[in-house]
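These notes concern the structure reproduced below.
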Amino acid sequence: MHFFLDHHESKLPDVKTTIFTTMSRLAMENNAINLSQGFPDFDCPKLLLEETQKALTSQHDQYAPMAGALSLREEIANKIEKCYQQTYCPESEITVTAGATQALYTAISAFIKPKDEVIVIKPSYDCYEPAIKVNGGIAVNFQLTAPDYKINWQEFSKKINANTKMIILNSPNNPSGTILEKSDMLALEKIVKNTSILLLCDDVYEHIIYDGNQHQSACMFPELKKRALICSSFGKTYHITGWKIGYCLAPKELMNEFRKVHQYNVFSVHHPSQIALANFLRKSDDYLELHHFYQNKRDFFLKAIQGSKFDFTPTQGTYFQILDYAKITEEKDMDYAQRLVKEHKIAAIPFSPFNTISNSKVLRFCFAKKNDTLEKAAEILCKIN
């Protein structure tokens, strides 16, 4: 019965079921409105569905090339040039992945060896540290604090030492919704200059930034581009999180190492979907308008909860809004999140799983929902005392 425990030590002894799975299951069990897990409850673009139907009947039933369908890699390159005026070679510097999470995991696996240190800026998405640990690396956390969650680069630089192999950046940040500005990227350039430190960028929300701000991609900064593996996601951009298709950009020598791992843990990604996305990108650049779509939802949701006891600063990016409940209760965020589901029938994500500190009184709510869903959620939140 205890064969595993008696004979094998877990590589990830502290890893449990993700908070997203836990809260979504609680929401289902309690018939609650689910604003916890980050997925939309509306359809993807009609044109993308039409292109998918065509691709499914166009003899793309066999393996795609390991690096991804060339037509899709070419369209990704065009997209990067249009957005950031930067070039990546479709043949040697772009790889299509099974979602951004796979891209991130593959990048870490390709470069992190035992005892290598990886700086993780907290709060952070929960997939980084397990990938570091399973490869024998050491996660070095740099904690940001509420309410602004901004990086003090002078303090950050103190984390750098001879063992620092990689820095992970996520902007816009999940879960805080804050963004990195040009001044942040210039400060980071100075820190990594004359080092061999790699940069792993989680850019899945790159097109979901508000109030006239622009995404500061690492590829626009020469000192960062040459060391950066940039991971992004079609799931977040086109409301197709279930398709699990993303991509990674990197200079040729880094991408060569990335593909050595990619070809053995995934090899290739669903071929018809890649063809559909390539054709869709060729015909549409509606990702350029995505920030308007989600800013309207953010503003709709925040206006609807203005009469509540929750405090907030409008999120700068992502489709998540953090709400401070300190005026309502002194409960820990995990306890309060579970009580919200059971007693008030609304699900959110507690902040502590993203953090090294556990005393924050904030929850993360997803507003990538239909307006009537947001309206019902706001009605509940406004009644909470």
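Quick notes
- Screening A69 with (1) in contact with a helix residue (DSSP H, G or I) (Cβ under 8 Å, 6 or more places away or on another chain); (2) closer than 27 Å to Y319 by Cβ gives one miss only, at (2).
- Residue within segment 101-117 that is charged (D, E, K, R), under 30 Å from P272 (Cβ atoms) and in contact with a Ser or Thr (Cβ under 7 Å, 6 or more places away or on another chain) present: no
- Boolean, S352 is of a type outside the set (V, I, T) and buried (at least 19 other Cβ atoms within 10 Å of the Cβ): no
- Identity of the residue in segment 237-270, touching a Pro at 6+ places or on another chain (Cβ under 9 Å) and part of a helix (DSSP H, G or I), that ends up nearest to K54 (Cα to Cα): Y238
- Complete set of residues in segment 77-92 that are outside any helix (DSSP H, G or I) and out of contact with any Cys (no Cβ under 6 Å at 6 or more places or on another chain): Q85, T87, Y88, C89, P90, E91, S92
- Within the set S183, S157, S171, S196, the sole residue that is touching an Asp or Glu at 6+ places or on another chain (Cβ under 9 Å) and either surrounded by fewer than 19 Cβ atoms within 10 Å (Cβ to Cβ) or not aromatic (F, W, Y) (or both) turns out to be S171.
- Meets criteria (small (G, A, S), within 24 Å of V269 (Cα to Cα) and surrounded by fewer than 16 Cβ atoms within 10 Å (Cβ to Cβ)) for G235: no
- Criterion (crowded, with 23+ Cβ neighbours inside 10 Å and modelled with pLDDT of 95 or more) met by exactly one of Y205, Y210: Y205
- Residue list for segment 110-125, restricted to those being surrounded by 16 or more Cβ atoms within 10 Å (Cβ to Cβ) and either more than 18 Å from the chain's Cα centre (by Cα) or closer than 17 Å to P172 by Cα (or both): A110, F111, I112, D116, E117, V120, I121, K122, P123, S124, Y125
- Residues that are loosely packed, with under 14 Cβ neighbours inside 10 Å and either touching a Cys at 6+ places or on another chain (Cβ under 8 Å) or touching a residue at least 12 places away in the same chain (Cβ under 8 Å) (or both), drawn from segment 42-52: F42, D43
The values are calculated or read from the model by the stated rules, or taken from the named source; none is laboratory data. It should be emphasised that the depicted structure is a prediction, and the values quoted were computed from it without experimental measurement. With ideal geometry, Cβ positions are generated from the backbone for all residues, glycine too; neighbour counts draw on all protein chains shown.
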